[in-house]
Amino acid sequence: MNTPELQRLKMAWLTAKEVDDTQTQMRLLRDHPTEQEALVDFIAACHAISRADVESIEPDAPLLALTQRACQSALERVFEPQPAIATLSELRKSRHLNKVEVAKGLHLGIDVWNKFEEGAIELVSLSQRQLQRLAEFFQVSVEQFSTLLNHSQPAFTINRRQTRDAADNDQGPRKQSFADAINRSTMSKDDKQLWLD
């Protein structure tokens with residue numbers, strides 16, 4: 001509760017801080033044991049937020065609002081905002097994995113993983129169990145993995161020798177079922193069985 005006495009102590013502490021009077025700051029804490037816990041929380045909040053924010057603090061501002069602002073500011077400094085991930089390729093890169101590591105970790109051929117990143121695997125061809133295994137590898141939900149697969153598309157390159165008609169008809173890799181991709185892959189028999197059983 002922000003009592004008049006606590007407000008007075010906050011103002012006194014801010015004044016002492018402005019002139020770098022640490023003895024007065026310590027005396028305020030020592031001489032007021034009943035307000036000490038609330039004053040310590042206020043001081044911690046002041047240290048956590050930037051100097052510009054400290055200067056704009058009003059003495060009657062609720063302590064909870066100050067603490068929440070300080071907590072938010074501290075969290076923003078510690079945790080960098082994560083970029084939005086839109087494709088399986090971006091998901092893989094966010095986990096600091098290369099394609100070979102993903103393929104080995106999932107017991108898939110790299111050709112099959114490439115088809116995932118290119119969006120060539122039909123989502124409807126994956127069973128719930130297969131989707132669950134893929135999602136667990138990346139520590140995302142099945143829904144997130146499914147969305148990323150749907151948004152994954154190949155990076156198109158321009159073939160300058162290609163005719164205009166051929167370029168208009170070129171729509172990227174053909175979609176295929178997961179089972180078909182595995183059957184056409186150079187994966188070992190055991191790895192194929194692992195995914196198709």
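The values are calculated or read from the model by the stated rules, or taken from the named source; none is laboratory data. Fair warning: this is a prediction, and the values are worked out from it, not measured in the lab. Note that we place each Cβ from the backbone using ideal geometry, even for glycine, and neighbour counts take in every protein chain shown.
Right, ARG160: loosely packed, with under 11 Cβ neighbours inside 10 Å, within 16 Å of VAL112 (Cα to Cα) and at pLDDT below 80 or not? When the stated conditions are applied, ARG160 does not pass them.
When the range 122-133 is examined, which residues are found to be surrounded by 14 or more Cβ atoms within 10 Å (Cβ to Cβ) and either farther than 17 Å from GLN176 by Cβ or touching a Leu at 6+ places or on another chain (Cβ under 7 Å) (or both)?
Taking the range 122-133 as the starting set, the residues that turn out to be surrounded by 14 or more Cβ atoms within 10 Å (Cβ to Cβ) are 122-123, 125-126, 130-133.
Of everything in the range 122-133, those that are surrounded by 14 or more Cβ atoms within 10 Å (Cβ to Cβ) and either farther than 17 Å from GLN176 by Cβ or touching a Leu at 6+ places or on another chain (Cβ under 7 Å) (or both) turn out to be LEU123, GLN132, ARG133.
Among residues of the range 45-69 being loosely packed, with under 14 Cβ neighbours inside 10 Å and assigned to a helix (DSSP H, G or I), the one that is modelled with the lowest pLDDT is ALA52. Of all residue pairs spaced 6 or more apart or on separate chains, those with beta-carbon atoms under 8 Å, a first member in the range 174-187 that is assigned by TED's automatic domain parsing to the domain that holds VAL124 and among the small types (Gly, Ala, Ser) and a second member that is outside any loop (DSSP other than H, G, I, E, B) and surrounded by 16 or more Cβ atoms within 10 Å (Cβ to Cβ) are SER177/ILE121; ALA181/VAL112; ALA181/LYS115; ALA181/ILE121; SER185/VAL112; SER185/LYS192.
Scanning the range 124-140 for residues that are aliphatic (A, V, I, L, M) and either assigned to a helix (DSSP H, G or I) or outside the structural domain of ILE182 (by TED's automatic domain parsing) (or both) returns VAL124, LEU131, LEU134, ALA135. Restricting SER89, SER94 to those that are small (Gly, Ala, Ser) and at pLDDT below 90 reduces the list to SER94.
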